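The values are calculated or read from the model by the stated rules, or taken from the named source; none is laboratory data. Note that the structure is predicted; figures quoted are calculated from it, not measured. Glycine also receives a Cβ, built like all others from the backbone with ideal geometry; neighbour counts cover every protein chain displayed. The protein model used for the area step is the full one, side chains on, heavy atoms only, and it has no ligands, DNA or RNA in it. Shrake-Rupley method; radii C 1.70, N 1.55, O 1.52, S 1.80 Å.
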Amino acid sequence: MIGVLFVCTGNICRSPTAEGVFRAMVEREGMGGAFRIDSAGTYDGHAGEPPSGPAVAIAKRRGYDLAALRARPVTVEDIVAFDHVLGMDRTHLAALRRLAPKGLTGKPRLFLDTAPHLGLREVADPWMGEAADYERALDLIEAGCAALLEQLRATSLTA
């Protein structure tokens, strides 16, 4: 089973959206059993809360259900347990590398590094923004998740 963990700040916008999108993509491909998918945040102030209302609404319009997800903080154990630990921006990457045990500081990486064709390395935080900010984040997350799935299909799933 391939473990994929998406990480953002509060685990209420970007990372739960990525979790929902990636989960839907692997389910559509009939590969749900091959993955362990989760999300977490570098900040624990939203622990137990659902994703933000705009994130849920915009994802739902595109066919992704985030309603059951709840925010939680990322742990050292997550970095050890998940094969792919993906931060949404450089601040998350730095926090993950500080949290990582010795020998695993190189394991976390930026989520959009899976999709270099986009020409971006970060998914901007839509929190407290306009609907268009959430739409843009979802556009990038869909593209990044599709690229990630393609990479994993080509490497991990065929190994």
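So here's what we get for this one:
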read-out	value
Residue ID - least open to solvent (accessible area, probe 1.4 Å), chosen from residues in the stretch 58-81 that are out of contact with any helix residue (DSSP H, G or I) (no Cβ under 8 Å at 6 or more places or on another chain) and in a helix (DSSP H, G or I)	D78
Answer from A124, A137 - the residue that is surrounded by 13 or more Cβ atoms within 10 Å (Cβ to Cβ), modelled with pLDDT of 95 or more, small (G, A, S) and not in a helix (DSSP H, G or I)	A124
Residue in the stretch 79-112 that is farthest from the chain's Cα centre (by Cα), counting only those that are in contact (Cβ under 8 Å) with a residue 12 or more places away in the chain and more than 24 Å from L138 (Cα to Cα)	P101
Residues within the stretch 82-100 that are assigned to a loop (DSSP other than H, G, I, E, B) and of a type in the set (G, A, S), tallied	1
Near pairs, Cβ below 6 angstrom, 6+ apart or cross-chain, from the stretch 135-157 (touching a residue at least 60 places away in the same chain (Cβ under 8 Å)) to any residue that is open to solvent by less than 10 Å² (accessible area, probe 1.4 Å) and of a type in the set (K, R)	A137/R14
Residues satisfying the stated conditions in the stretch 37-57, i.e. assigned to a helix (DSSP H, G or I) and surrounded by 13 or more Cβ atoms within 10 Å (Cβ to Cβ)	P54, A55, V56, A57
Leading residue by the ranking (farthest from L86 (Cα to Cα)) among those in the stretch 2-36 that are open to solvent by 20 Å² or more (accessible area, probe 1.4 Å), touching a Gly at 6+ places or on another chain (Cβ under 8 Å) and outside any helix (DSSP H, G or I)	R36
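Here's the yes/no breakdown for (1) farther than 16 Å from G3 by Cα; (2) not hydrophobic (A, V, I, L, M, F, W, C):
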| residue | (1), (2) |
| --- | --- |
| H117 | yes, yes |
| L120 | yes, no |
| A124 | yes, no |
| M128 | yes, no |
| A132 | yes, no |
| E142 | yes, yes |
| L148 | no, no |
